Amino acid sequence: MLIPDELYNALSIHRDTIAEPVQGGAVNHVYALKDRNGQYLIKWLGDDTFSGIDRQAQFRLQQQLARYHIAPEPLWLSPDNNWWVERLEARHFVKVQPGTLGEILGKIHSLPITAPLLNLPERLRHYLTLAAPPPDSQLNKNAQLIIDALYRKPIEQTEQVCGHNDLSAGHILRLSPLMIIDWEYSGAVNRFFDIASCCAINNYSENQCGQLYQAYATATGIALPHITEQISFYNKVVNITDQVWVAAMNATSGN
C-alpha cells in the first residue's frame with residue numbers, strides 16, 4: 001500500500017524509507033517505519049465504518065495517556081482520519097499473569113484522564129445494525145435485552161473510569177516501564193465492563209478470573225465481594241457484545 005506524501009511531509013521522513021508491514025487487527029493495516037528521525041508505527045484505518053470510533057477524540061485521548069508513559073505517543077492523524085502514526089515502542093517478551101493484568105487495570109483506572117464516553121448500549125446498537133440478524137433470532141432478542149438493561153442501570157460516577165476495554169496480554173509491550181498498545185476502544189466506561197472484557201479477551205478460566213479480581217481489589221481497595229457482584233452483570237454485557245461484534249464482522253466482510 002502506498003504511504004501518502006503528506007505523511008512523509010508531516011514527520012519529515014525521507015521518501016526512500018520503506019514501511020514494513022506488521023501484523024494488524026481485523027480492520028486496520030499496520031506498518032513499521034524507521035529512519036534517522038525516529039521509529040514509527042503507521043496504521044491505515046481506511047474507510048472505517050465498522051468500528052464507529054471517533055478518531056480525532058481517540059487521538060486526543062491517547063495524547064493524554066502518553067503523558068503518563070503508558071501508551072505510545074500519537075504523532076499524526078491525517079485530515080481524512082485514514083492514517084494514524086504513533087511512536088514505535090520496543091516489545092519485551094514477558095508472560096503476563098492474570099494477577100498482573102488485574103494490577104495493570106487498577107493502574108489504568110486510577111489515571112486522571114478525561115476520556116470520551118464509551119456508550120455501551122449505543123455501541124451495541126451500532127454493531128447490531130451492521131450484523132442485521134433476523135428480528136426473531138435469539139441473538140437479536142438477547143442483544144435487545146442487554147441494551148434495555150444498560151439503559152435502566154444507574155450511572156455510578158465513582159465507577160466511571162478511563163478503560164482500555166480491549167486489554168489482552170498481547171497488548172502489554174513491556175512491564176517495566178509499563179507500555180500498553182491498541183487503545184482504539186478506550187474511553188470512559190464502568191470499570192467492571194473493562195475487567196469483564198479483559199477476562200473474556202484473554203479467555204481466562206474461573207480460577208484465573210478470580211486471580212485478576214483479587215489483584216484488582218488489592219490495587220484499588222475495592223472490596224472483592226463488590227467486584228464479583230458487579231462482574232456478574234457485565235460478563236453478560238461483554239458476552240453478547242462479542243457475539244454481535246463477530247456477527248457484524250462476518251456480515252460486513254462477506255463471510
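The values are calculated or read from the model by the stated rules, or taken from the named source; none is laboratory data. Treat the numbers as computed from the prediction; the structure is a model and nothing was measured. Positions of Cβ are generated from backbone atoms using ideal geometry, with glycine treated the same way; all protein chains shown enter the neighbour counts. For the accessible areas, the whole protein counts, side chains as well, though only heavy atoms, and no ligand, DNA or RNA atoms are used. Shrake-Rupley method; radii C 1.70, N 1.55, O 1.52, S 1.80 Å.
Scan the range 1-26 for residues that are over 24 Å from the mean Cα position of the chain (by Cα) and modelled with pLDDT under 75 and jot them down.
Across the range 1-26, the qualifying residues are MET1, LEU2.
Scan the range 90-107 for residues that are buried (at least 17 other Cβ atoms within 10 Å of the Cβ) and small (Gly, Ala, Ser) and jot them down.
Selection gives GLY99, GLY102, GLY106.
For the range 140-158, how many residues meet the condition of being in contact (Cβ under 8 Å) with a residue 40 or more places away in the chain and surrounded by 16 or more Cβ atoms within 10 Å (Cβ to Cβ)?
4
Please enumerate the residues belonging to the range 117-139 that are part of a loop (DSSP other than H, G, I, E, B) and surrounded by 16 or more Cβ atoms within 10 Å (Cβ to Cβ).
Taking the range 117-139 as the starting set, the residues that turn out to be part of a loop (DSSP other than H, G, I, E, B) are 118-119, 132-137.
Answer for the range 117-139, where residues must be part of a loop (DSSP other than H, G, I, E, B) and surrounded by 16 or more Cβ atoms within 10 Å (Cβ to Cβ): LEU118, PRO133.
ILE42 is checked against (1) closer than 30 Å to ALA217 by Cβ; (2) open to solvent by less than 60 Å² (accessible area, probe 1.4 Å); (3) aliphatic (A, V, I, L, M) and fails just one. What number does that condition carry?
Condition not satisfied by ILE42: (1).
Suppose the filter is among the small types (Gly, Ala, Ser), touching a Lys or Arg at 6+ places or on another chain (Cβ under 8 Å) and crowded, with 17+ Cβ neighbours inside 10 Å; does ALA219 pass it?
yes
When the range 71-89 is examined, which residues are found to be farther than 14 Å from LEU45 by Cα and open to solvent by 60 Å² or more (accessible area, probe 1.4 Å)?
Answer for the range 71-89, where residues must be farther than 14 Å from LEU45 by Cα and open to solvent by 60 Å² or more (accessible area, probe 1.4 Å): GLU73, ARG87.
Go through (1) open to solvent by 20 Å² or more (accessible area, probe 1.4 Å); (2) more than 18 Å from the chain's Cα centre (by Cα) one by one and return the number of the condition SER110 breaks.
Tallying (1) open to solvent by 20 Å² or more (accessible area, probe 1.4 Å); (2) more than 18 Å from the chain's Cα centre (by Cα), SER110 fails exactly one: (2).
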